[in-house]
Amino acid sequence: MTEPLAPQYDPAQIEAPLYAWWQAQGLFRPEHAPSGPAAEPYVVMMPPPNVTAELHAGHGLNNTMQDVLVRFERMRGRRTLWLPGTDHAGIATQNVVERLLAKEGLTRFDLGREAFVERVWSYVRRTGARILEQLKAIGCSADWSRTYFTLDEGLSRAVRETFVRLYEEGLVYRGHYIINWCPRCLTALSNEEAEKEETEGRLWHLRYPLAEGGGSVIVATTRPETMLGDTAVAVHPEDDRYRDLVGRELRLPLVDRLIPIVADDAVDPSFGSGAVKVTPAHDPTDFEIGRRHHLPSIDVMTPDARMSLAAPERFQGLDRLEARRQVVAEFEAAGFLVREEPHRHAVGHCYRCGTVIEPRLSEQWFVKMEPLARPALARYRDGTLQFTPERRGEDYARWLEGIRDWCISRQLWWGHRIPVWYCEAPGCGRTSVSRTDLERCPGCGGPVRQDDDVLDTWFSSWLVPFSSLGWPDQTNDLKTYYPGHTLVSAPEILFFWVARMIMSGIHMMGEVPYTRVYLHGTVRDTQHRKMSKSLGNGIDPLQVVERYGADALRYSLISGMSVGTDVILDPNDLESSFGPARNFANKLWNAGRFILSNLEGPSRPLAGEPSAVRRDELTLADRWIIARCEATVREATEAYERFRLNEAAAAVYRFIWSDLADWYIEQIKPRLYGDAPGGDVARAVATQTFDVALRLLHPVMPFITEALWRRFPGRPAEASITVAPWPRPDRRADDPAALREFGLVQELVGAIRGIRAEYGVQPGQPVRVVVSRDGTNADPALARERATVSRLAKVSELAFGDPTDRVGGHAVLSDGTAVFVPLGDAIDVGRECGRLGSEVDRLGRLVASQEKKLGNEQFVSRAPADVVDRERHKLVGWREQREVLVRKRELLGCG
């Protein structure tokens, strides 16, 4: 670390070697806590990515936010564990491998279960850890030595223990209910996995004739094909239109089956005709109506959503949409189609493949959720569990209050097989739920068959806050790191994962797995569309890392969001999205090169030692930058603590870019170059404030801050900013007087620069400046910092008093101090008067033309109101511009 810093910041030369060094040093392990093994733990559970996943912008945001919090708490001395892992992703992974098999002309059934599962394992071993390596490329400081996989032996044992324990408690049961079925994935889905999407559909009004006596009942449906399985028509018991028809029978068209008219409170009299067809095998509400009225259930669809043998022969084998078209056509031909109309409604889609799901009567395994939800809701209501943003807590509460039982069985081969065995011995029929595999029936000793289904992937991931720490064994990790502290997640898995982990944690461990939940926004494009491969609007984080560096990616993601809001990035213009952060990294690098190149060895401390800098040695600029540094420590620390990460990043950005680089470094250059006394003090102040700035920025931009921090003279070779102590607020550094006085100096320099720019004074041309204040003397700080003002604003003479020149530019500072810059000897006044005169004339013509246009009653009365309003705004703007230029001509003494 003794060679000079490269003249240009090149992240490609820095980031990978630094990350490898961090890992070699074991800095991400909680055992490496800077405060020692007795330090207070801080635990974050990484949402485990699917083994099929590759890093995308959403992963980048989610994991960068976690890493920022983890690095912040690690530097604060806590025993920080960020626990990573991957999810076996039952449906997604099986789909991928089945597609690969299809290219070979094979199906999983050709291989058989055992061979297919081994094929999946082979795929996972090759590709499963890819996304974890990609997370390392963006700087994630997780404890990779503890990485888990949800199908690991230990986690699989935890899954089986949970299933058996819940079964023994009566919370897991097998039942025959309507479930969400994906005809593409050929498996059941939970209610949360059937994502509702608003769809432009159709509503068909169909006439069902009464079996006797003439007359008919009209029903409305969005799924005419299911009428082939109707077993009743239901009306509301208080609907006078149908009161006399309840108990009579209808003849079901196309099927010629007699079905009853029943009265049920579930019917909405305002929907359609107020009479609804009842298909118990294909709709959850109809299923409940069917149970109450003892109606038969006729399943007219196969698992792949074709019409089954229960449908009339001419429909059998038709795809559900083909059957829909044929049903509608036959109703129309028979004169039973009353009308068809557009109808926008929410339709469930498979969260993995996007296929429209089918409600389907099926025997599945369920978890009884209400007993688990009750304590999870109580922990939110009593304040144990807190959400950021707060409104998300009410989303959580509403879901728990209306929670339905969770269908946990999946008709897949990849996953945790359900630990249930059925005895096949004649006359036994025993069902056994076991923690260990069974060879024989525990009751009769006969042969057994294990349930073919696997458990929902989320059934394993809801356990990871404790299963990943060794549960059900009472390991040291479990005792030390459960319960955890913070969960950072996307809001779309609040119900899939976040809430379920809380329920399982309370039930199995007696405590919530974390107390703070931060649900961040979504990465979207400039059209506010969620980034996705299907839309082709995604951003590859690794491409950003390659072009701009990981720090630029991280800073852009963090600075572009605030609590609960989305991050907007332009996938078609990476420069606009990530270029500013790259520029900030370059600014930081150049500031670091300048400061470090002026350090011949360790600088004097600012406190605590006999050689420390005394307060009377500090200049106004020294006191000001120390005070600004202190204010930034407080502002950034509070923002990190409150999860306002963008505010923390912005506070440090302002301090480094403006306060330190643009002002303080420029102010101390004469002292560092030996042109003014106090060089050792300037070095001491610059060293400390830059060191603090690097530590404050490290959670967001870990690579560049580490690269610069380790270059300070006297650093041990093993020292790392990763475990450097977090800067502590120090009230002794408060200096309101310095902030006010140097702030006035900054105002003066800014005012002079503004006048120079306004009147086109050449950058190399010095100007004279006169500062005055009516009735009082100008602030003494301006006189004391005469040299600073003169150098930074290119001033040849700074005078105090009333100006004697008449031609010049004016400004007023916040304390009422007047600033006058004589321009007679700095610019060609005649040429400037001519230029301004031409512009005044041009604006005058525009004003006259616009006044005439707006004075035309025909234009004002006939043009759209917004057009007239825009034209009036133009007139106001041109008048104001003309008045400003006229005043400038007067100040220049133009004739």
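The values are calculated or read from the model by the stated rules, or taken from the named source; none is laboratory data. Values in this document were obtained by computation on a predicted structure and should not be read as measured data. Virtual Cβ from ideal backbone geometry, glycine too; neighbours counted across all protein chains shown. Keep in mind that these areas ignore ligands, DNA and RNA; they rest on the heavy atoms of the full protein, side chains included. Shrake-Rupley method; radii C 1.70, N 1.55, O 1.52, S 1.80 Å.
In segment 435-486, which residue that is of a type in the set (A, V, I, L, M) and open to solvent by 20 Å² or more (accessible area, probe 1.4 Å) is farthest from residue 43 (Cα to Cα)?
Checking each candidate, the answer is 448.
How many residues are touching a Ser or Thr at 6+ places or on another chain (Cβ under 7 Å) and at pLDDT below 90 if we restrict to segment 606-640?
0
Run residue 331 past the list (1) in a helix (DSSP H, G or I); (2) over 16 Å from residue 256 (Cβ atoms); (3) open to solvent by less than 60 Å² (accessible area, probe 1.4 Å) and report the number of the one that doesn't hold.
Of (1) in a helix (DSSP H, G or I); (2) over 16 Å from residue 256 (Cβ atoms); (3) open to solvent by less than 60 Å² (accessible area, probe 1.4 Å), only one is false for residue 331: (2).
Applying the selection to segment 107-127, what residues are out of contact with any strand residue (DSSP E or B) (no Cβ under 9 Å at 6 or more places or on another chain) and open to solvent by less than 40 Å² (accessible area, probe 1.4 Å)? Let's see the steps before the verdict.
Initial filter on segment 107-127 (out of contact with any strand residue (DSSP E or B) (no Cβ under 9 Å at 6 or more places or on another chain)): 107-123, 125-127.
Across segment 107-127, the qualifying residues are 108, 112, 116, 117, 120, 123, 127.
Please give the number of the condition residue 655 fails out of (1) open to solvent by 10 Å² or more (accessible area, probe 1.4 Å); (2) under 30 Å from residue 567 (Cα atoms); (3) of a type outside the set (S, T, N, Q).
So the condition that residue 655 fails would be (1).
Would you point out the residue of segment 790-845, among those that are open to solvent by less than 50 Å² (accessible area, probe 1.4 Å) and of a type in the set (Val, Ile, Thr), that is farthest from residue 761 (Cα to Cα)?
By that ranking, first place goes to 817.
Take residue 338 and decide whether it is open to solvent by less than 40 Å² (accessible area, probe 1.4 Å) and assigned to a strand (DSSP E or B).
No, not satisfied.
Could you please give the count of residues in segment 262-275 that are open to solvent by 30 Å² or more (accessible area, probe 1.4 Å) and touching a residue at least 12 places away in the same chain (Cβ under 8 Å)?
Within segment 262-275, residues that are open to solvent by 30 Å² or more (accessible area, probe 1.4 Å) and touching a residue at least 12 places away in the same chain (Cβ under 8 Å) number 7.
Consider segment 494-535. How many of its residues are modelled with pLDDT of 95 or more and on the phi > 0 side of the Ramachandran plot?
So the answer is 1.
Determine which member of the set 104, 31, 73 is open to solvent by less than 30 Å² (accessible area, probe 1.4 Å), without any contact (Cβ under 8 Å) to a residue 60 or more places away in the chain and either touching an Asp or Glu at 6+ places or on another chain (Cβ under 8 Å) or at negative phi (or both).
Details: 104 fails: open to solvent by less than 30 Å² (accessible area, probe 1.4 Å); 31 fails: open to solvent by less than 30 Å² (accessible area, probe 1.4 Å).
None of the others qualify; the one that does is 73.
Out of segment 107-142, which residues are without any contact (Cβ under 8 Å) to a residue 12 or more places away in the chain and either on the phi < 0 side of the Ramachandran plot or acidic (Asp, Glu) (or both)?
Of everything in segment 107-142, those that are without any contact (Cβ under 8 Å) to a residue 12 or more places away in the chain and either on the phi < 0 side of the Ramachandran plot or acidic (Asp, Glu) (or both) turn out to be 107, 109, 110, 111, 114, 115, 118, 121, 122, 125, 126, 133.
Listed here are the residues, each with its yes/no results for (1) open to solvent by 30 Å² or more (accessible area, probe 1.4 Å); (2) free of Cβ contacts under 8 Å to residues at least 60 places away in the same chain; (3) under 30 Å from residue 10 (Cβ atoms).
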{"site": "488", "(1), (2), (3)": "no, no, no"}
{"site": "508", "(1), (2), (3)": "no, no, no"}
{"site": "515", "(1), (2), (3)": "yes, no, no"}
{"site": "522", "(1), (2), (3)": "no, no, no"}
{"site": "525", "(1), (2), (3)": "no, yes, yes"}
{"site": "543", "(1), (2), (3)": "yes, yes, yes"}
{"site": "553", "(1), (2), (3)": "no, no, yes"}
{"site": "582", "(1), (2), (3)": "yes, yes, yes"}
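Which residue, of 432, 461, 467, is under 26 Å from residue 93 (Cβ atoms) and in contact with a strand residue (DSSP E or B) (Cβ under 6 Å, 6 or more places away or on another chain)?
Numbers: 432 fails: under 26 Å from residue 93 (Cβ atoms); 467 fails: in contact with a strand residue (DSSP E or B) (Cβ under 6 Å, 6 or more places away or on another chain).
Result of the check over 432, 461, 467: 461.
Return the residue satisfying two criteria in turn: it lies in segment 220-261 and is in a strand (DSSP E or B), touching a helix residue (DSSP H, G or I) at 6+ places or on another chain (Cβ under 9 Å) and in contact (Cβ under 8 Å) with a residue 40 or more places away in the chain, and of such residues it is farthest from residue 316 (Cα to Cα).
234
Just give me the residues in segment 157-200 being of a type in the set (S, T, N, Q) and surrounded by fewer than 19 Cβ atoms within 10 Å (Cβ to Cβ), in sequence order.
Of everything in segment 157-200, those that are of a type in the set (S, T, N, Q) and surrounded by fewer than 19 Cβ atoms within 10 Å (Cβ to Cβ) turn out to be 191, 199.
At pLDDT below 90, outside any helix (DSSP H, G or I), open to solvent by 20 Å² or more (accessible area, probe 1.4 Å) and over 30 Å from residue 828 (Cα atoms): does that describe residue 729?
So residue 729 fits the description; yes.
Please go through segment 82-92 and pick out each residue that is more than 23 Å from residue 646 (Cα to Cα), hydrophobic (A, V, I, L, M, F, W, C) and buried (at least 24 other Cβ atoms within 10 Å of the Cβ).
89, 91
Determine which member of the set 13, 8 is of a type in the set (S, T, N, Q) and in a loop (DSSP other than H, G, I, E, B).
8
Suppose we keep only residues that are part of a loop (DSSP other than H, G, I, E, B) and aliphatic (A, V, I, L, M) within segment 507-547. Which one would you say is nearest to the chain's Cα centre (by Cα)?
Result: 531.
Provide a single number: the residues in segment 826-847 that are farther than 17 Å from residue 890 by Cα and charged (D, E, K, R).
Of the residues in that region, 2 qualify.
When you go through (1) within 30 Å of residue 629 (Cβ to Cβ); (2) more than 47 Å from the chain's Cα centre (by Cα); (3) open to solvent by 30 Å² or more (accessible area, probe 1.4 Å) one by one for residue 769, which number turns out not to apply?
Residue 769 satisfies every listed condition except (3).
Report yes if some residue within segment 380-392 is open to solvent by 60 Å² or more (accessible area, probe 1.4 Å) and in a helix (DSSP H, G or I); otherwise report no. Explain how you work it out, then say what you get.
Residues of segment 380-392 open to solvent by 60 Å² or more (accessible area, probe 1.4 Å): 381-382, 386, 390-391.
Among the residues that remain, those that are also in a helix (DSSP H, G or I) are: 381, 391.
Yes, segment 380-392 contains a residue that is open to solvent by 60 Å² or more (accessible area, probe 1.4 Å) and in a helix (DSSP H, G or I).
Among the numbered criteria (1) open to solvent by 50 Å² or more (accessible area, probe 1.4 Å); (2) assigned to a strand (DSSP E or B), which single criterion is violated by residue 324?
It fails just one condition, (2).
Considering each residue of segment 855-895, count those that are among the small types (Gly, Ala, Ser) and either surrounded by 13 or more Cβ atoms within 10 Å (Cβ to Cβ) or touching a strand residue (DSSP E or B) at 6+ places or on another chain (Cβ under 6 Å) (or both), and give that number.
3
Out of the residues in segment 205-219 that are out of contact with any Phe, Trp or Tyr (no Cβ under 8 Å at 6 or more places or on another chain) and either closer than 23 Å to residue 346 by Cα or outside any strand (DSSP E or B) (or both), which is most open to solvent (accessible area, probe 1.4 Å)?
Looking at the filtered set, the residue picked out is 212.
Could you say which residue among 440, 449 is basic (Lys, Arg) and touching a residue at least 24 places away in the same chain (Cβ under 8 Å)?
449
Would you confirm whether any residue within segment 364-372 is closer than 23 Å to residue 87 by Cβ and in a helix (DSSP H, G or I)?
Pass one, segment 364-372, residues closer than 23 Å to residue 87 by Cβ: 364-367, 369, 372.
Filter again for in a helix (DSSP H, G or I), leaving 372.
Yes: segment 364-372 contains one or more residues that are closer than 23 Å to residue 87 by Cβ and in a helix (DSSP H, G or I).
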